[in-house]
Amino acid sequence: DTGVSQDPRHKITKRGQNVTFRCDPISEHNRLYWYRQTLGQGPEFLTYFQNEAQLEKSRLLSDRFSAERPKGSFSTLEIQRTEQGDSAMYLCASSFTGGRGNYGYTFGSGTRLTVV
Amino acid sequence: DQQVKQNSPSLSVQEGRISILNCDYTNSMFDYFLWYKKYPAEGPTFLISISSIKDKNEDGRFTVFLNKSAKHLSLHIVPSQPGDSAVYFCAASQGGSEKLVFGKGTKLTVNP
């Protein structure tokens, strides 16, 4: 297992376009998280899945954002009608015991989105 | 409203000396705290955690101290090594939520 995998690593898109990111968690992890990190800030929570159920969503996740984890394995994060303010690093993480467990989350390397 | 604050954007120490990174929080409902380390172009890596029922947790060269009355925690790295140079994030969570609230990070530079 190579850890949490995110694809693509970088994405440049024009304002108004839709983008979709993929996250493949560590295979035995049933919990999956999406965070967003802008320059000079720490990661900000977007949403959390346990298996295929989306159990928590941040108010940051506007109507233009949607996340899915259809079979409890990989997850996708879609942003519709992108805006320049969406430019950020989108981080995916997974966990078996939860973020409060002894080992925290395992993060992927992220997808850097630039909206021009 | 920044619920987790890391007031020092950067810290520079000499190899072999102690590094102390500080973190303050405002939400008294937080009861679990974690430190993550991040290298450029990589995701954050879990380092160490502490529950609010403890005031200290140690793992090798890393020790986290929690002062609940002051709503303050600190990460001590002894001895510091050049490979410890990274951005360190403090994070907190409260019972019933999987959400972690992160600080803005402190960039640690350990000079040989």
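How do the pairs read when you match residues in segment A:44-65 that are more than 11 Å from every other protein chain (Cβ to nearest Cβ) and among the polar types (S, T, N, Q) with residues anywhere that are open to solvent by less than 60 Å² (accessible area, probe 1.4 Å) and in a loop (DSSP other than H, G, I, E, B), using Cβ under 9 Å and keeping only pairs 6 or more apart or on different chains?
Every condition considered, the pairs that remain are A:51/A:30; A:51/A:69; A:51/A:72; A:54/A:69.
Pick from A:91, A:77: which is closer than 15 Å to residue B:102 by Cα, surrounded by 15 or more Cβ atoms within 10 Å (Cβ to Cβ) and not hydroxyl-bearing (Ser, Thr, Tyr)?
None of the others qualify; the one that does is A:91.
Considering only segment B:4-21, I want to know if a residue exists there that is under 21 Å from residue B:66 (Cα atoms), open to solvent by 30 Å² or more (accessible area, probe 1.4 Å), within 11 Å of chain A (Cβ to nearest Cβ) and under 11 Å from the mean Cα position of the chain (by Cα).
The answer is yes, given that some residue of segment B:4-21 is under 21 Å from residue B:66 (Cα atoms), open to solvent by 30 Å² or more (accessible area, probe 1.4 Å), within 11 Å of chain A (Cβ to nearest Cβ) and under 11 Å from the mean Cα position of the chain (by Cα).
Answer with yes or no whether residue B:65 is facing another protein chain (nearest Cβ under 10 Å) and either in contact with a helix residue (DSSP H, G or I) (Cβ under 9 Å, 6 or more places away or on another chain) or at pLDDT 95 or above (or both).
no
Looking at segment A:94-116, which of its residues are at pLDDT below 95, open to solvent by less than 10 Å² (accessible area, probe 1.4 Å) and in a strand (DSSP E or B)?
The answer is A:94, A:95.
From the list A:91, A:46, A:55, exactly one residue is at pLDDT 95 or above, within 21 Å of residue B:96 (Cα to Cα) and among the aliphatic types (A, V, I, L, M). Which is it? Explain how you work it out, then say what you get.
Working: A:91 fails: within 21 Å of residue B:96 (Cα to Cα); A:55 fails: at pLDDT 95 or above.
Answer to the check: A:46.
The values are calculated or read from the model by the stated rules, or taken from the named source; none is laboratory data. Remember, predicted model here, so these are calculated numbers, not experimental data. Using ideal geometry, Cβ is built from the backbone for each residue, glycine included, and neighbour counts are taken over all protein chains shown. For the accessible areas, the whole protein counts, side chains as well, though only heavy atoms, and no ligand, DNA or RNA atoms are used. Shrake-Rupley method; radii C 1.70, N 1.55, O 1.52, S 1.80 Å.
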